[in-house]
Amino acid sequence: MLKVKNLKASIGEVEILKGIDLEIGDGELHAVMGPNGSGKSTLCHVLMGNTDYKNEGAVTLNGEDVLSIPQFDRAQKGIFQSFQYPVGLPGVTLREFIQSFLGDIDEAELIELSKRFNLDEFLDRDVNVDLSGGEKKRSELFQLSLMKPSLALLDEIDSGLDIDAIKSVATLINENRDENTSYILVTHYSRILKYLDVDKVHIVVNGKIVKSGSNELIEEVDSGGYTQYQEEN
Ligand SMILES: Nc1ncnc2c1ncn2[C@@H]1O[C@H](COP(=O)(O)OP(=O)(O)O)[C@@H](O)[C@H]1O
Ligand SMILES: [Mg+2]
C-alpha cells in the first residue's frame, strides 16, 4: 500500500508538485492523467527518489517511509520505474542486466520468460539500443515481471506506440497483475486505459490532483479534454 501525503516538489524556486495526496492499495492500478507539463513525470521521478527535486510531505510504502531514503534503497524496497524515454545501455546486454539484479537464472527459464514478451531474440542485444518504441516498452515490462516490485511507476508506457503495440503492452500489464504490485500508470491519452482494469483515475493539473474518481473519468477526459479542469484552477 502506497500512501502519499501533501507531497510537494520543487526545482530551485519553482514549485512543480503543489501538494499531492494519493493512496493506492495492494494490487490496485491507478491512472494519472493530465496535460503536458502538469507534473505527471515529476511525480514518478520524486517517488523513485530523483535528487534533482526538493521535497516536502510524506510517502510510505507498506508503512515504511521512503521519502527520506535514496533511490537505490527505494529500488531495494520494491519501487520500479519505467521511463517515458527508456535510456540505452550500450555494452550491457539484456541478459547481463537481468543477471545484475536476479543473479544467475536458469537458462531455459529465462528463455521461456523472455518468449512471453517476445524478447528471446533480444537477450544478447544491448539494453534499449536500436529498439523500436514498442520493443523498449516490452523490455521494461519484462524487467518489471522479473523484479516483482511492490510499486510500479509506468510513465507514458503508451507514448509513441501504434494501436497494436498499445494493445500488446496492455495485455502484458494485465497478465502481470497480482496482489503484490500496485501501479501508477501515467498517460495523457485514454486509449490504453480501455484495455486495462483501472481502479481509480486522478487528473493532475498544474501540480495538483484536481479530480479523482472511477473510470467514468476516462470518458469525461475523452469528451471534454483537460481544459474543463484547467478552468476551475
Ligand atoms: N528537471 C527540471 N528542471 C526544470 N523544470 C522541470 C524539470 N522537470 C520538470 N520541470 C518542469 O515541471 C513541469 C512538469 O513537468 P513534467 O512532470 O515533466 O510534466 P508531465 O510529465 O505532466 O508532462 C514542467 O513545466 C517542466 O518544465
Ligand atoms: Mg511526462
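Before we move on, is residue 55 part of a strand (DSSP E or B), modelled with pLDDT of 95 or more and either away from ligand 2 (no atom under 16 Å from the Cβ) or within 18 Å of the chain's Cα centre (by Cα) (or both)?
Numbers: part of a strand (DSSP E or B): yes; modelled with pLDDT of 95 or more: yes; either away from ligand 2 (no atom under 16 Å from the Cβ) or within 18 Å of the chain's Cα centre (by Cα) (or both): yes.
Yes: the conditions hold for residue 55.
Tally the residues that are in contact with a Phe, Trp or Tyr (Cβ under 8 Å, 6 or more places away or on another chain) and either within 12 Å of ligand 1 (Cβ to nearest atom) or not aliphatic (A, V, I, L, M) (or both), restricting the search to region 18-32.
Number of matching residues: 2.
Out of the residues in region 13-28 meeting the condition of being at pLDDT 95 or above and assigned to a loop (DSSP other than H, G, I, E, B), tell me which one is farthest from residue 178 (Cα to Cα).
Checking each candidate, the answer is 25.
Checking the condition more than 11 Å from residue 207 (Cα to Cα), of a type outside the set (D, E, K, R) and crowded, with 19+ Cβ neighbours inside 10 Å, which residue from 48, 33 passes? Lay out the reasoning, then the answer.
Numbers: 48 fails: crowded, with 19+ Cβ neighbours inside 10 Å.
Within the list 48, 33, the selection yields 33.
Can residue 200 be described as surrounded by 17 or more Cβ atoms within 10 Å (Cβ to Cβ) and out of contact with any strand residue (DSSP E or B) (no Cβ under 7 Å at 6 or more places or on another chain)? Step through it out loud before you land on a result.
Numbers: surrounded by 17 or more Cβ atoms within 10 Å (Cβ to Cβ): yes; out of contact with any strand residue (DSSP E or B) (no Cβ under 7 Å at 6 or more places or on another chain): no.
Against the criterion (surrounded by 17 or more Cβ atoms within 10 Å (Cβ to Cβ) and out of contact with any strand residue (DSSP E or B) (no Cβ under 7 Å at 6 or more places or on another chain)), residue 200 does not qualify.
Within region 29-52, how many residues turn out to be assigned to a helix (DSSP H, G or I) and within 13 Å of ligand 2 (Cβ to nearest atom)?
Initially, region 29-52 is screened for residues assigned to a helix (DSSP H, G or I), giving 40-48.
Checking which are within 13 Å of ligand 2 (Cβ to nearest atom) leaves us with 40-46.
The total comes to 7.
Given the conditions (1) buried (at least 20 other Cβ atoms within 10 Å of the Cβ); (2) within 11 Å of ligand 1 (Cβ to nearest atom); (3) among the hydroxyl-bearing types (Ser, Thr, Tyr), and given that residue 53 satisfies all but one, which numbered condition is not satisfied?
Failing condition for residue 53: (1).
Taking the conditions exactly as written (modelled with pLDDT of 95 or more and part of a helix (DSSP H, G or I)), does residue 110 satisfy them or not? Talk me through it step by step, then tell me what you get.
Numbers: modelled with pLDDT of 95 or more: no; part of a helix (DSSP H, G or I): yes.
Considered against the rule, which asks whether it is modelled with pLDDT of 95 or more and part of a helix (DSSP H, G or I), residue 110 comes out as no.
Of everything in region 1-23, what is β-branched (Val, Ile, Thr), within 18 Å of residue 184 (Cα to Cα) and without any contact (Cβ under 8 Å) to a residue 60 or more places away in the chain? Give them in sequence order. Give the steps one after another, and end with the answer.
Filtering region 1-23 for residues β-branched (Val, Ile, Thr) gives 4, 11, 14, 16, 20.
Remaining after also requiring within 18 Å of residue 184 (Cα to Cα): 4, 20.
Across region 1-23, the qualifying residue is only 4.
Modelled with pLDDT of 95 or more, over 24 Å from residue 32 (Cα atoms) and of a type outside the set (Ser, Thr, Tyr): does that describe residue 125?
On the way: modelled with pLDDT of 95 or more: yes; over 24 Å from residue 32 (Cα atoms): yes; of a type outside the set (Ser, Thr, Tyr): yes.
So residue 125 fits the description; yes.
Quick one: how many residues across region 62-88 are surrounded by 14 or more Cβ atoms within 10 Å (Cβ to Cβ) and assigned to a helix (DSSP H, G or I)?
3
Is it true that some residue in region 159-179 is surrounded by 17 or more Cβ atoms within 10 Å (Cβ to Cβ), in contact with a Pro (Cβ under 6 Å, 6 or more places away or on another chain), on the phi < 0 side of the Ramachandran plot and touching a residue at least 40 places away in the same chain (Cβ under 8 Å)?
The answer is no; no qualifying residue exists.
The values are calculated or read from the model by the stated rules, or taken from the named source; none is laboratory data. Please read these numbers as outputs of a predicted model, since none were measured by experiment. Don't worry about glycine lacking a Cβ; one is built from the backbone with ideal geometry, like all the others, and counts go over all protein chains shown.
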